[in-house]
Structures are given as structure tokens and as C-alpha cells.
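See below for the structure under consideration.
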Amino acid sequence: MDQAPGSPPQGPPNQEPHGSGELPVCYRHPDRETGIRCTRCERPICPECMVNASVGFQCPECVRSSSGTGHAPAASTPRTLAGGTVTADPRLLTKVLIGVNLALFLVQLSVGDRFTDRFDLLGRAYVPLLGGIEGIAEGQWYRLLTSMFLHVNYIHILFNMLSLWWIGGPLEAALGRARYLALYFVSGLAGSALTYLLADANQPSLGASGAIFGLFGATAVLMRRLRYDMRPVIALLVINLIFTFGWGNIAWQAHIGGLVGGVVVGYAMVHAPRERRVLVQYGVCAVVLAAVVLMTVLRTAQLT
């Protein structure tokens, strides 16, 4: 609620006076507003960076350079919005994922369809090149995962890897490596499981699109959390959904499953209460994975 203009009351020396407009942001966590300042250097600090001092609070740098009564648990290590560790190369895992996808695509080109048929997503069908009945229903659950790293052709992998670079890089920097990797694989598996559940059993499917749609959904959640303009991400989502349902030979189930998984996990990543952050974040990942297992078991029961 807006306050009437006037002289702001004087607070303690390390607090921002109320009614002064927008709060400053923590100098170590630019996404967090704070009304607290270090009593020595007067830089804004959030609760995670606050270290008890003899008078008020100090920032980690001032504590290390002189005296203080103790460190906050995570004060010595900068943290991302989701609680991950800030790293020197915030896009490292995105680069690794792109490298793995490209390497396996080269293997597909070198070995041929026999390799692709062995690892793509297939419910249950006779595969001539392999000489038998193949598929997830035959106990080949690994196909839910391996299909996430295979692609049909150059255009397919080009669009997916460009999307992974544009969306995944900033998201990895915002979440931290462990949480980003959990989001990627949980979203991808959610897309694979929904495809297995709803698609024709003899229809093969492959591609990183499910995981990428998961990153897309988490990006939308993150932008809303940071109060960014949502119109660009909504427009991009609509365009992608038009392609998903209007273009032939696209596994829309993977896109929708990945998107829903990404929104759910992404919400947990950026909105989890700080005191129970790890439990909530990875607990939600476990719940989504349980849904993946449930869908897989149900579909397998239908096909066998």
C-alpha cells in the first residue's frame, strides 16, 4: 500500500528507512531486495549474507577483512536465487549437454538406424533391424532417457541445440548447476513418460524437446518471480505450441509433459522457503519422478 509523503522515521543505523521508495538490492544477490546495510561499508545485504557483528550486521567481505562475531552458514559462498552455488562458468552444464547431444548425433550418422532403433522411445513393436519385439514395455526403460539425446536430422538438432543454448544458459546461471541438471532430466523424463502413455505403441519418438520445453516452463516461472515483462515469454510459448500441434511428426506429448514438469519443478526451485529449500526443491523433483514411474507402469500393464 502507498504511504503518504513526509519525513521518514529514523531506524537503526544498518536499516533502510521506511517509505523511501523501492528498496535497494543485495550487492551479492541482485535479484533480492533488502532494507539492511552493512554497518561498515554500507552496502545492501540480504538475510543470507548478514553476519552478526557487535553492532548490527556486516557483509561477508567486511567480516573476513576485520572482526565479526561469526559467519552466517552460507555467507562465504555467493548463492543463486534458487540457492545454488555461483560458479565461474555459469553455462558449463549447458555446454556439456549440447556436446553430448552433438556427439550422439554423430554416432547416429556413423552407425545408422540400427543405433537409433536401439535407443529411441518406442512403446512396443517389432523392429526389423533388431530382429525382434522391442520397446519400453519389453523392459527397456532406458529408452525414456536415451531418447532425450537422439535427433532425426540436422534441422531437428539445430533448433533444439539453439533453444538449449538460449534458454538453458541463463537458467543454469539463475538456478545453479545441480538444480538445473535436476530440472533438465526430470522435465525430459516427464515428456518421455507422457509420450509413452499416450502415443501409439509402435510410433518411435526421439529428441531433446521435452527437456527443452521444461526449461522453457521454468524460465516463465523465473521471469514471473523476478517480475519481468511476461509478454515476450507468453508470445514465444504460444508460437511453440502452434508449431507443436500444427506441424506433422511432432510428439506433442513430449512437449506438454516436459512443459508441465518444468513449470512444477521450476516453481519449487524459485519459490521454496529458504529454511526448507533443499527439501522442497528435491522433494518436488521426486514427486514428478514418481509420476513418471506411475505412467510408465500403467502403460506397460496395458501393452503386456
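Here is how the numbers come out for the structure above:
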{"quantity": "Total residues in the range 119-160, condition within 18 Å of GLN253 (Cα to Cα) and in a loop (DSSP other than H, G, I, E, B)", "calculated": "9"}
{"quantity": "Residue that is surrounded by the fewest Cβ atoms within 10 Å (Cβ to Cβ) [pool: residues in the range 248-259 that are part of a loop (DSSP other than H, G, I, E, B) and on the phi < 0 side of the Ramachandran plot]", "calculated": "GLY248"}
{"quantity": "Any pair with Cβ under 6 angstrom, 6 or more apart, that starts in the range 183-202 at a residue that is in contact (Cβ under 8 Å) with a residue 12 or more places away in the chain and in a helix (DSSP H, G or I) and ends at one that is polar (S, T, N, Q) and surrounded by fewer than 24 Cβ atoms within 10 Å (Cβ to Cβ)", "calculated": "ALA193/THR296; LEU194/GLN253; THR195/GLN253; LEU198/GLN253"}
{"quantity": "Every pair of residues 6+ apart whose Cβ atoms lie under 7 Å, when the first sits in the range 290-304 and is more than 14 Å from GLY257 (Cβ to Cβ) and not assigned by TED's automatic domain parsing to the domain that holds ASP200 while the second is assigned to a helix (DSSP H, G or I) and among the polar types (S, T, N, Q)", "calculated": "none"}
{"quantity": "Failed criterion for THR116 (all others in (1) within 20 Å of the chain's Cα centre (by Cα); (2) part of a helix (DSSP H, G or I) hold)", "calculated": "(1)"}
{"quantity": "Yes/no for ILE133 being touching a residue at least 12 places away in the same chain (Cβ under 8 Å) and among the β-branched types (Val, Ile, Thr)", "calculated": "no"}
{"quantity": "Scan of the range 214-248 for residues that are in contact (Cβ under 8 Å) with a residue 60 or more places away in the chain and under 28 Å from LEU144 (Cβ atoms), ordered by number", "calculated": "LEU222"}
{"quantity": "Qualifying residue in the range 161-168 (condition: in a helix (DSSP H, G or I), buried (at least 24 other Cβ atoms within 10 Å of the Cβ), among the hydroxyl-bearing types (Ser, Thr, Tyr) and touching a helix residue (DSSP H, G or I) at 6+ places or on another chain (Cβ under 9 Å))", "calculated": "no"}
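Listed here are the residues, each with its yes/no results for (1) under 30 Å from PRO47 (Cα atoms); (2) modelled with pLDDT of 95 or more; (3) of a type in the set (A, V, I, L, M, F, W, C); (4) not assigned by TED's automatic domain parsing to the domain that holds PRO30.
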position	(1), (2), (3), (4)
MET230	yes, no, yes, yes
LEU237	no, no, yes, yes
THR244	no, no, no, yes
TRP247	no, no, yes, yes
ALA251	no, no, yes, yes
HIS255	no, no, no, yes
PRO273	yes, no, no, yes
VAL284	yes, yes, yes, yes
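Listed here are the residues, each with its yes/no results for (1) within 33 Å of the chain's Cα centre (by Cα); (2) of a type outside the set (A, V, I, L, M, F, W, C); (3) at pLDDT 50 or above; (4) farther than 28 Å from GLY83 by Cβ.
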position	(1), (2), (3), (4)
PRO5	no, yes, no, yes
GLY19	no, yes, no, yes
THR39	no, yes, yes, no
PRO47	yes, yes, yes, no
MET50	yes, no, yes, no
VAL55	no, no, yes, yes
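Yes/no matrix, rows are residues, columns are (1) surrounded by fewer than 18 Cβ atoms within 10 Å (Cβ to Cβ); (2) under 18 Å from LEU198 (Cα atoms); (3) out of contact with any Gly (no Cβ under 6 Å at 6 or more places or on another chain):
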{"position": "ILE242", "(1), (2), (3)": "yes, no, yes"}
{"position": "GLY261", "(1), (2), (3)": "no, yes, no"}
{"position": "ALA268", "(1), (2), (3)": "no, no, yes"}
{"position": "VAL280", "(1), (2), (3)": "yes, no, yes"}
{"position": "VAL287", "(1), (2), (3)": "yes, no, yes"}
{"position": "VAL292", "(1), (2), (3)": "no, yes, yes"}
{"position": "THR300", "(1), (2), (3)": "no, yes, yes"}
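The values are calculated or read from the model by the stated rules, or taken from the named source; none is laboratory data. Model, not experiment: these values are computed from the prediction. Cβ sites come from the backbone with ideal geometry, for glycine too, and all protein chains shown count toward neighbours.
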